[in-house]
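Just below is one structure, and these are the notes that go with it.
The values are calculated or read from the model by the stated rules, or taken from the named source; none is laboratory data. The shown structure was predicted, so the numbers you read here are calculated from the model rather than taken from an experiment. Because the Cβ atoms are built from the backbone with ideal geometry, glycine has one as well, and the counts that use them run over all protein chains shown.
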Amino acid sequence: MDVIPEELVDRILQYIADDPDSLQACALTSPLLHEPSHRLLLHAVALGGSSESRNLYQTLGDAVDASPHIARCIRMVAFTVPSTEMVLTQTAHLHSLMAKFTHLRHFMITSDEEDFDWTRIAPGITDELAQFLRCRTLDALHVSCIVGIPLDFVALTMSSALTVSFVETSVNDGEMQLNQQPVAENLLLSSSQTVADAFCRADLIPCISRLRRLWVGLEPTLHHIIESSAPMLEEIFMGSTDLISVSHFGHPGPLPDFPSLRLATIQLCIGEYEQPWLVHAMRALLASPAEVINLQILEAQLSTLEPALQALTAELTTRPDHSVFTPRIHWLLDLGVTEDGVLQEFSTAVGRALPQMYAAGRVTVGRYLGREDGLYWPSGRVVLATRVSSFIE
């Protein structure tokens, strides 16, 4: 009998990717479906902290030894750091387990407590994490809900993954040495002011000078990191999302030159709207080689949209051949409980103000749907490490 190509099997199984019971049934049906089903079932594993079984690392390691294909299936691990109450002997089991994750692409370091201090992490665990990160280059590394991270570890994260994010984290100031060449091209910062400050130190500037994408909130204290990373940036997001929160709202001052920019997104809420800053920001973005500029206006109202449109129109019409060489500008409006009439009325106003660009589709008006496709951490089902064994029995 002809063998079904693996690519086709994977395509078929995608239809039940969010149904663990069906995936497990398929894994038991045929050797042909065994590993492909487990790739979807076990692609993301949550490795718990001190609240889990004290033998968790050893148990999962034994499961991987019994079924080696599991290590190939696990592509994402959400690692909750254990506190000092953890038995020290578990450190050796963690070392053995981490070495088995040969196909890992995404790694999250987090805690199950708010403002968990780095110094409370169980002895030896931080060394194991550092050794693990030094040995590979990940697609994405996410650090959240941990305070007091050493500068050396911050520098190490930028040398260990192409995309790095810090969410609700802080660093301890001190001496450091950059021992590895930074590889990170994408950086996301959310409620992590001291991390942003640290990147502006002379010894950490190399970590952000090669960034191609930057996602930050609208905060006045983030001006320096935007300015330091501007020369190589191809994409910038300034605003707030489910992943990016803002500690102290304000505008990050005048934007610098962006000689390499291709895509820019500014997100403003009606209560945070300041027309002068938006005008200055648009002036900087229009002077860049950006191909697309997204203006996401939350809780949009005509009373605030029209002055912004007038200012933008005045800025655009001073540019020669603006209808041809200007980037595409997309107004994305979150209308709240207002009717579609606001959307239609503003679209009409845009068409009157910029008729050539509007007719050519170079300026558009649409609804903001809340999707941030550039924010990298994949969503979806994550399997608890304690359940891995039950899926392979």
Six or more apart or on different chains, Cβ atoms under 9 Å: show the pairs whose first residue is in the range 56-72 and in the same structural domain as H106 (by TED's automatic domain parsing) and at pLDDT 85 or above and whose second is polar (S, T, N, Q) and surrounded by 19 or more Cβ atoms within 10 Å (Cβ to Cβ). none
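Out of A99, A122, A140, which single residue is in the same structural domain as T59 (by TED's automatic domain parsing) and under 25 Å from I208 (Cβ atoms)?
Sole residue among the options that is in the same structural domain as T59 (by TED's automatic domain parsing) and under 25 Å from I208 (Cβ atoms): A140.
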So V324 ticks every box in (1) outside the structural domain of E185 (by TED's automatic domain parsing); (2) modelled with pLDDT of 80 or more but one. Which box is left unticked? (2)
Of all residues in the range 115-148, which are more than 19 Å from Q180 (Cα to Cα) and either small (G, A, S) or exposed (fewer than 15 other Cβ atoms within 10 Å of the Cβ) (or both)? D115, T119, A122, P123, G124, S144, G148
Can you name every residue in the range 272-296 that is assigned to a loop (DSSP other than H, G, I, E, B), more than 11 Å from L255 (Cβ to Cβ) and modelled with pLDDT of 75 or more? P289, A290, E291
Identify the residue in the range 327-367 that is under 32 Å from the mean Cα position of the chain (by Cα) and hydroxyl-bearing (S, T, Y) and, among all such residues, is modelled with the lowest pLDDT. T338
Within the range 83-128, restricting attention to residues that are of a type in the set (A, V, I, L, M) and assigned to a loop (DSSP other than H, G, I, E, B), which residue is modelled with the highest pLDDT? L104
Residue pairs meeting the criteria (Cβ under 7 Å; at least 6 apart or on separate chains; first over 13 Å from G148 (Cβ atoms) and touching a residue at least 60 places away in the same chain (Cβ under 8 Å), in the range 112-126; second part of a loop (DSSP other than H, G, I, E, B) and of a type in the set (D, E)): none
Take L375 and tell me if it is at pLDDT below 75 and over 26 Å from A230 (Cα atoms). no
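Please tell me if S165 is touching a Ser or Thr at 6+ places or on another chain (Cβ under 8 Å), within 19 Å of M108 (Cα to Cα), buried (at least 22 other Cβ atoms within 10 Å of the Cβ) and free of Cβ contacts under 8 Å to residues at least 40 places away in the same chain.
The answer is no for S165.
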